[in-house]
Amino acid sequence: LKSPAPTKVLNTDLIERLSGSTVGGARFLEILSEYESIFQEISRLRELDLQDIHPAVIFEPTAPYRKTR
Amino acid sequence: MSERELHWASISQLRKWLDKGEINSVELTRHLLDRIASHDPKLKSFIYIADNALEQAKASDRRRMRSRQHAVSPMEGIPVALKDNYLTATMPTTAGTITDGIAFPMQDSACAERLAEAGCILLGKTRTHEFAWGTITPPVANPWDLERIPGGSSGGSGAAVASGFVPMGMGSDTGGSIRIPASFCGVVGLKPTFGRVSRHGIVPHSWSLDHPGPLTRTVEDAALVMNVLAGYDPRDPACQDQPVPDYASGLQRGVRGLRVGVIDNHFMDCNTPEVQACVEARISDLASQGAVVSHFQMPILDYGLAAIYAIELASSGAFHDRWIAEGRSVQYGPDVRTLVEMGRLVTAVDYLKAEQVRTIMSEEFRKLFDRVDVIVSPTAPLTAWMRGRRTTTIGKKEESVLAASWRLTFPFNLTGLPAISVPCGFDSEGLPIGLQIAGRPFDEAAILRCAALIEQTVGLNLRPELG
């Protein structure tokens, strides 16, 4: 017996769960579709080898000790 | 003075009249309230007018009387507006949303506190594009052509200041939201350095990109307002404890010897011909006044849109996460709903790569600022477009007007550098064009000085006919 080919619905369901989206199936498909062009732009970041670059976000452990008014 | 002079007067001029007793704050406030009542139904720049505006003005006049022999604050008695994403204790805040179950506290943001402590009259709240997303700001109209958009997301403040309703309106800028409406409405818009002005009490859009700042009719007024707003506030984790200069001094020093940089890729290679020609003429003006103009390339800017998309979508998605889970985002406007709901799709690795690109970009600008004092460009590659228009063709490239509108402003949100938009001309349809000037971190003084020279050189009539 052949195992059934994964369906688009199943894949979408998995992506929805992985992303943690809470908007619900049909709406999630709409968002995926809308996101496609933005994703094309964002995915260009994957061309870059940035291994030696520290991200601009820097953890600052003294922040809670700042003086308050 | 005539009533016409009163509503077009700068803060600097109003201050002189108030100091000399030629007007008082109650007269000024009443005049502006009357003007808003007459004209704002067409423009819809205000969402809320303070019930107690005249009481505030009376209190200001009493303070002035009591301190007759002593100097009062330079902003004493000046009516101002706040964008509707700044919390205020006596006026409701909506952040431009009408979603059930979303309410914001009645307490003053740091900027509202500082303006009130300086004696300003908090006249009202101006409309914002919902949650400060977007560059259209419905339903606000552009005072230069009511069929056109005012820009956004601080479109209400842009329209209100340009219309002579208030001499200053606060805006917030995550990708260009102060500078774009300033450019489209023909006013000055200043995005200070990230950490220069406290964000405490502003409804967040993207924590590391949001910048508060003023929209005014003159560069000097922007400097005067910065004297009030700038300073440390431990309630904002990003706020820096740096010295605050007098921003209004040195504005008339001119630009002789100022090193002006022009980045030819990204900023100067995809603008409408009229915007390009106008900005090139202003760059020539700077050179003729003694500035030293140099041209550069910065290839990393090619990844800027990817970086800001990843950071802005992820950040906004995180801020709205609870409301999305509660089903409230279904009530948002369709554009904003989609943008906040897609935040979950940005992967953590892509988000961090965006933050790495940001590091590279900041370093590239630092190197550039070893060689120049300011960088100039158009504020936006186009002028205000007609309501409902979705795309534009610049050169051979067709793109969405929204994508085009923030292309030249978002690099300075990614890098946190100070940037100002100053009116520098009009296109053939009579619509304002803005020149953007960016500087080193905490060097707002240099960009104000350069902007002051442009303002003085072009001497534009920036008084739209409201009918």
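Just a few scattered comments:
- Cα-Cα over 19 Å, subset of B:K44/B:K125; B:K191/B:K367; B:K16/B:K125; B:K20/B:K125; B:K44/B:K83: B:K191/B:K367; B:K16/B:K125; B:K20/B:K125
- Per-residue SASA remark: B:R358, around 20 Å² accessible (1.4 Å probe; ligands, DNA and RNA not included).
- The reciprocal of the average 1/r between distinct C-alpha atoms defines the Kirkwood hydrodynamic radius, which for chain B equals 21.9 Å.
- Charge dipole of the protein assembly as shown about the Cα centre (unit charges at C-beta), most positive-ward option of B:P237, B:M342, B:P441: B:P237
- Rolling a 1.4 Å probe over the protein heavy atoms leaves B:S206 with an accessible area of roughly 0 Å².
- When the GluC sites (Glu not before Pro) in region B:1-64 are filtered for DSSP coil states and for at most 12 other beta-carbon atoms within 10 Å of their beta-carbon, the remaining sites are B:E22.
- Qualifying GluC sites (Glu not before Pro) in region B:79-182, where qualification requires a DSSP coil assignment and no more than 12 other C-beta atoms within 10 Å, comprise B:E147.
- Rounded to the nearest whole Hz, the Karplus-based 3J(HN,Hα) values (6.51 cos²θ - 1.76 cosθ + 1.60, θ = phi - 60°) of region B:444-461 follow the sequence 4, 4, 5, 6, 5, 4, 5, 5, 4, 5, 4, 4, 5, 5, 7, x, 6, 8, with x at glycine and proline.
- Per-pair calculated FRET efficiency, R0 = 30 Å: B:S362 and B:N52 via Cβ, rounded to 0.05: 0.10
- For chain B, the mean residue ellipticity at 222 nm estimated from helices alone is -11500 deg cm²/dmol, where every DSSP H run of n ≥ 4 contributes -39500 (n - 2.57) and the total is divided by all residues, rounded to the nearest 500.
- Between B:A318 and B:E117, the simple spin-label model (points 7 angstrom out along Cα→Cβ) gives 2.9 nm.
- For the protein assembly as shown, the solvent-accessible area works out to 41 Å² per residue, with a probe of 1.4 Å and every protein chain left in place.
- Our compactness index for the protein assembly as shown, the C-alpha radius of gyration over the empirical 2.2 N^0.38 Å, is 0.96.
- DSSP-assigned coil residues among trypsin sites (Lys or Arg not before Pro) in region B:225-258, each with at most 12 further Cβ atoms within 10 Å: B:R256
- Ordered by solvent-accessible area of protein heavy atoms (1.4 Å probe), largest first, the residues B:R449, B:R63 come out as B:R63, B:R449.
- Span from the region B:287-306 Cα centroid across to the region B:159-177 one, whole angstrom: 27 Å
- Among B:D241, B:D302, the sequence by solvent-accessible area, most first, with a 1.4 Å probe is B:D241, B:D302.
- Separation in nanometres of the label points that stand 7 Å from Cα toward Cβ, at B:N265 and B:E398: 2.7 nm
- Whole-angstrom gap from region B:374-443 to region B:54-110, using each part's C-alpha centre: 30 Å
- Rolling a 1.4 Å probe over the protein chains gives B:F267 an accessible area of about 0 Å².
- Environment charge at B:D145 (Cβ cut-off 14 Å; Lys +1, Arg +1, Asp -1, Glu -1): 0
- Net length gained if the chain between A:H54 and A:Q40 were fully extended (0.36 nm per residue, minus Cα distance): 2.6 nm
The values are calculated or read from the model by the stated rules, or taken from the named source; none is laboratory data. All of these numbers come straight from a predicted model, not from anything done at the bench. No Cβ is skipped: glycine too gets one built from the backbone with ideal geometry, and neighbour counts run over all protein chains shown. Ligands, DNA and RNA are excluded from the accessible area calculation, which covers all protein heavy atoms including side chains. Shrake-Rupley method; radii C 1.70, N 1.55, O 1.52, S 1.80 Å.
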